[in-house]
Structures are given as C-alpha cells and as structure tokens.
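Working notes for the structure below.
The values are calculated or read from the model by the stated rules, or taken from the named source; none is laboratory data. In this text the structure is predicted, and so the values were computed from the model without any measurement. Counting neighbours? That spans all protein chains shown, and the Cβs are built from the backbone with ideal geometry, glycine included. Areas reflect the complete protein model, heavy atoms only, side chains present, ligands, DNA and RNA absent. Shrake-Rupley method; radii C 1.70, N 1.55, O 1.52, S 1.80 Å.
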Amino acid sequence: MQSELIGVFGLVGLFAMIMLRIPVALAMILTGIVGTWALSLASPFIKFVPYLMQFKTALWNSVANYDLSVVPLFVLMGFLAAETGLSRDLFQGLSVMTRKIRGGVAMATILACGGFGAVSGSSIATASTMSRVALPELRRLKYDEGLSTGVLAAGGTLGILIPPSVALVIYAIVVEASILEMFQAAIIPGVLAVIMFLVVIRLRIARNPALAPELTPISDEEVRRSLRRLLPVALIFGSIILGLGMGLFTPTPAAAVGVFLILVYGLILRFYSSDGLTWARLKAALLATAKTASMIYFILFSADILKGFFARSGLPGAMSDWAAASSLDPYVILVAMLLILIVLGCFMESLSMILVIVPFFWPVLVQLNGGDYITAETAAFGMSNSDLRIWFGILALIVVELGLITPPVGMNVFVIKSFSPKTQISTIFRGVAPFFAIELVRVAILVLVPSLTLFLTRVL
C-alpha cells in the first residue's frame, strides 16, 4: 500500500509540474527519478544506484528500435511537403474544384488539412502549415473571420488521425499493437471526420449565407493550372494511403517511399519553377526534422523512465484490480476515461498524453474486458483484447485532439491566433464550437458502432 501511495504522489507531482509549464519530458524524468528514490527508501528490494546505471541502456533501447525508425521518416515527409509547396498546391487545387459551391474554399481547407495530415502526422504542424496557405485566401475572398479560423483549428485536428500518423505509431508501440492495423483502423474514422466537418460548413452557410462570399467565376486556364499542380500531390499522397490501407507495404517502407517521391518531385520542379527543392530548403527540412525527431525520442526515453517508476510502485496494477472489482459498467468507465483525456488534452501535447496516460488506462480496460485470456464471445466489450486495443486507440486519439480545440487552453486555437493576432481568441473558439460538437457525435458513433473502426482491419 505504501508503494501505491508513492505512485499517487508521483502522479500528482507530474501533473503539477506540467501545469507549471515545465517541459513534459523533463517533468517525466524528474518524477521517475525522485519517485524511484522514494520507493528505494520504502523498500529494500529497490536499489536506487543500479537503477540510475540503467539509464544508458534505456536511452539506447528508446532510439534503437526498428518500429520507431518510421518516426523521422514521416516527420521529414511532412517538412519536405511544406518546403516543396505541396501543401499550397493541394489547397489551391481543391479550392478550384470546390469554388462552384458557396463556402467551397472553406470546404477545400478541410480537405487540404486532411491531405496534409496524411504526410505531417501532427495536428499542430497541420494547423500552422495550412494557416499560412489558406488564411490569406479566405480573407481575400471575405469569408467570416470566425468561420475561417474555426475551420483551420478544427481541420488541424485531422493531422493526428489520418494515416500515416506519428501518434498512431507511438500508441501502437505502447500497447504492443500492429502499426499497420492501427493505420487501417484510422481510415474510416478519419474519412468520417472530414465528411462531418464538410456537413457542418454547409449547414452553417445555409443558415447564414453572409459567412461566405458570393460565387465568383473562374477561368478555364486557372482551373487547368491548379489541377496540373494537384495531380502530383494526389499521386504521392494517394499512393501512400492506398498502399498502407491495402497492405501493399508496411509503415517504414511507406514512409521511405513518401520521402523519395517528394524529394524527386521537388528536384524535378526546380527546373520548371522557383518552387523546387533548393539546397537551402532541403537543409531547412532536414534541420527541422532533426529537431522534431530528437524531441520525440527524448519524450519516449522520459516516458520509459516514468513507466519504470509506476510499474515499481504497483499503481497501474492496483487501478486494474479496483476496476475489475467495481460494479461499474465498463462503458461508464470508458466514457470517464475519454472525458479525462479531453480535459488533459487542453494542457498536454498529444504524444505526451499517450505516453503518460495510456499505460494507466490500458491495463484497466483489459481487466474490465475480462482479463488477458478472454474471448470475444464472453468479453465485456464484445471483442478480443487485440481488437480492443485498436478500437480504444482510435477513440483515445480523437478525444486527445478534441482537447486541442477545447477552451480555455486549446493549443490549436492559439496556433491559429499566432497567425491572426488581430482576431479575438473568443472569435476563434466560437468558430470552432460547431466542429467540437460534431466531433462529440463522431465519438459517440464510434463507441456505439465499434465495427466502423475495426472493419478494414478484418477485411484486409
């Protein structure tokens, strides 16, 4: 009992440091070290100095992992796409195709966010990149400021879910799920999100036409020029998503193929326009990738230290035993978990949330489902644990991203604010509120109909 109490104090201390804006990785390492030292004082079986000596091996194990080799490749793919102008070409091509519909450019923004999210794998990167591309055009066409910023903030949340996604890779590693199956499971929920966002835009403009400008004529030459630029984007992004969805290649080769295709496209484009991949742009993409990937690996190492402390404290096991002994309905506990993730998502970055919270929640869900050896026929959630880890992962990632657009600290909202300093933060929150509401509907649908998430993993 004393060890579990130390674990509780460690968890409280961790969140206190995060609330004080101490970097999450540093907070996790401090909690792990100080917590293990406290456990060594309470238990003679835990030796503190040998524990510290294991850090070198732990750091190597966090980096030298083949499954994690996909992370820098996906990150590099996103930065190369931004440097070669693929994000701009994607938005411009889609906006031409949708401009015959009132509000079409706002719809194109959502579609472009979904497309760019397929290569960036990051919500904040998607929101910031698409803000640079789409916000000036939305303002030029005189779209309502709340609608424009709300569309960008909501569209940014697509970055974490639409495969390939770094967050999906990290989650799969944490719960020992198949990365490919996680990618396949994310396709239908991701497409559902895009469709529901488009419906929200259409309904809002139908209710208040003043939110979007009158339709303007487009020349045939402009249409042809935009579609020509859209074609390579569709081929590159489509080959990656379809290849993963159909199981033609695994995530790491898919990332390598994506990097190669974008690199070749950027070099070829250099001979035809100023948007090609120059040495300066390639260097900027490589440096940005190195910084981002090193940050991710440092967070993974910190999470490993923290996980070791909590495992020694016995807190996750105690929580699992309590859940199994409680008389609460498993779905009630699941909904409570999702609500906790939404709240914490207001303050924590998505990768950190996955690494800190999922190791607590996953053992609890296994016990609620009936234990490690339960069959789908007798499980509380009506599915095997292998299906449960995939289903819960998609739900968890969706609600984590909901925190990025939830007041008072929606990180995506503040990203948009940095690109639109004259816009009131309350205007952005009002603009994103309808998208938040429809996301709750999507979560409810996926909770009630798990087969939507698991369909592709079962047929492919």
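Residue-by-condition table, conditions (1) more than 19 Å from L448 (Cα to Cα); (2) of a type in the set (A, V, I, L, M):
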site: L339; (1), (2): no, yes
site: E349; (1), (2): yes, no
site: G370; (1), (2): yes, no
site: T378; (1), (2): no, no
site: S384; (1), (2): no, no
site: L395; (1), (2): no, yes
site: V399; (1), (2): no, yes
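Regarding the stretch 342-350, can at least one residue be identified that is modelled with pLDDT under 85, surrounded by 23 or more Cβ atoms within 10 Å (Cβ to Cβ), assigned to a helix (DSSP H, G or I) and not aromatic (F, W, Y)? Yes, the conditions are met somewhere in the stretch 342-350.
Residues that are open to solvent by 30 Å² or more (accessible area, probe 1.4 Å) and closer than 22 Å to G159 by Cα: does the stretch 45-61 have at least one? Checked the stretch 45-61: no residue is open to solvent by 30 Å² or more (accessible area, probe 1.4 Å) and closer than 22 Å to G159 by Cα.
Is the stretch 75-82 home to any residue that is within 19 Å of V199 (Cα to Cα), open to solvent by less than 10 Å² (accessible area, probe 1.4 Å) and not aromatic (F, W, Y)? The answer is no; no qualifying residue exists.
When restricted to residues that are in a helix (DSSP H, G or I) and either open to solvent by less than 10 Å² (accessible area, probe 1.4 Å) or basic (K, R) (or both), the stretch 367-394 contains 8. Can we say L242 is assigned to a helix (DSSP H, G or I) and aliphatic (A, V, I, L, M)? Yes; evaluated as a whole, the condition is true for this residue. For G115, the stated conditions do not hold, so it cannot be described as part of a helix (DSSP H, G or I), open to solvent by less than 20 Å² (accessible area, probe 1.4 Å), closer than 18 Å to F429 by Cα and not hydroxyl-bearing (S, T, Y). Within the stretch 221-233, the set of residues being open to solvent by less than 60 Å² (accessible area, probe 1.4 Å) and among the aliphatic types (A, V, I, L, M) comprises V223, L230, V233.
Residues in the stretch 71-108 that are under 30 Å from R204 (Cβ atoms), among the charged types (D, E, K, R) and assigned to a helix (DSSP H, G or I): R88, D89.
Residues in the stretch 395-425 that are open to solvent by 50 Å² or more (accessible area, probe 1.4 Å) and among the small types (G, A, S): S418 only. Any residue that is in contact with a Ser or Thr (Cβ under 6 Å, 6 or more places away or on another chain) and modelled with pLDDT of 85 or more - is there at least one of those in the stretch 368-387? Taking every residue of the stretch 368-387 in turn, none turns out to be in contact with a Ser or Thr (Cβ under 6 Å, 6 or more places away or on another chain) and modelled with pLDDT of 85 or more. If you take the residues of the stretch 259-300 that are in a loop (DSSP other than H, G, I, E, B) and either in contact (Cβ under 8 Å) with a residue 12 or more places away in the chain or closer than 13 Å to L73 by Cα (or both), which of them is most open to solvent (accessible area, probe 1.4 Å)? Top of the filtered list is D275.
Residues in the stretch 444-460 that are over 20 Å from F183 (Cβ atoms) and among the small types (G, A, S): A444 only. Within the stretch 442-460, the residues that satisfy the criterion of being in a helix (DSSP H, G or I) and either open to solvent by 40 Å² or more (accessible area, probe 1.4 Å) or under 13 Å from P407 (Cβ atoms) (or both) are A444, I445, L448, S451, L452, F455, R458, V459.
For every residue, the table says whether it meets (1) more than 24 Å from K422 (Cβ to Cβ); (2) part of a helix (DSSP H, G or I); (3) among the charged types (D, E, K, R); (4) open to solvent by 10 Å² or more (accessible area, probe 1.4 Å).
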{"site": "A127", "(1), (2), (3), (4)": "no, yes, no, no"}
{"site": "S131", "(1), (2), (3), (4)": "no, yes, no, no"}
{"site": "L138", "(1), (2), (3), (4)": "no, yes, no, no"}
{"site": "K142", "(1), (2), (3), (4)": "no, no, yes, yes"}
{"site": "L152", "(1), (2), (3), (4)": "no, yes, no, no"}
{"site": "G155", "(1), (2), (3), (4)": "no, yes, no, no"}
{"site": "G159", "(1), (2), (3), (4)": "yes, yes, no, no"}
{"site": "V169", "(1), (2), (3), (4)": "yes, yes, no, no"}
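If you go through the stretch 1-26, how many residues are under 18 Å from G314 (Cβ atoms) and touching a residue at least 40 places away in the same chain (Cβ under 8 Å)?
Start the filter on the stretch 1-26 by keeping residues that are under 18 Å from G314 (Cβ atoms), which leaves 1-14.
Among the residues that remain, those that are also touching a residue at least 40 places away in the same chain (Cβ under 8 Å) are: 2-4, 6-8, 10-11, 14.
Matching residues across the stretch 1-26 total 9.
Residues that are in contact (Cβ under 8 Å) with a residue 40 or more places away in the chain and open to solvent by 40 Å² or more (accessible area, probe 1.4 Å) within the stretch 323-338 comprise A324, Y331, V335, listed in sequence order. Kindly check whether there is at least one residue in the stretch 410-421 that is touching a residue at least 12 places away in the same chain (Cβ under 8 Å) and in a loop (DSSP other than H, G, I, E, B). Yes, the stretch 410-421 has at least one match.
Mind listing whichever residues of the stretch 27-68 are over 30 Å from the mean Cα position of the chain (by Cα) and touching a residue at least 12 places away in the same chain (Cβ under 8 Å)?
Here is the first cut: in the stretch 27-68, the ones over 30 Å from the mean Cα position of the chain (by Cα) are 34, 36-54.
Residues satisfying the conditions are V34, T36, A38, L39, A42, S43, I46, F48, Y51, L52.
Residues in the stretch 308-322 that are in contact (Cβ under 8 Å) with a residue 60 or more places away in the chain, surrounded by fewer than 19 Cβ atoms within 10 Å (Cβ to Cβ) and assigned to a helix (DSSP H, G or I): G308, A318. Of the residues making up the stretch 430-441, those that are in contact with a helix residue (DSSP H, G or I) (Cβ under 6 Å, 6 or more places away or on another chain) and open to solvent by less than 60 Å² (accessible area, probe 1.4 Å) are G431, V432, P434, F435, F436, I438, E439.
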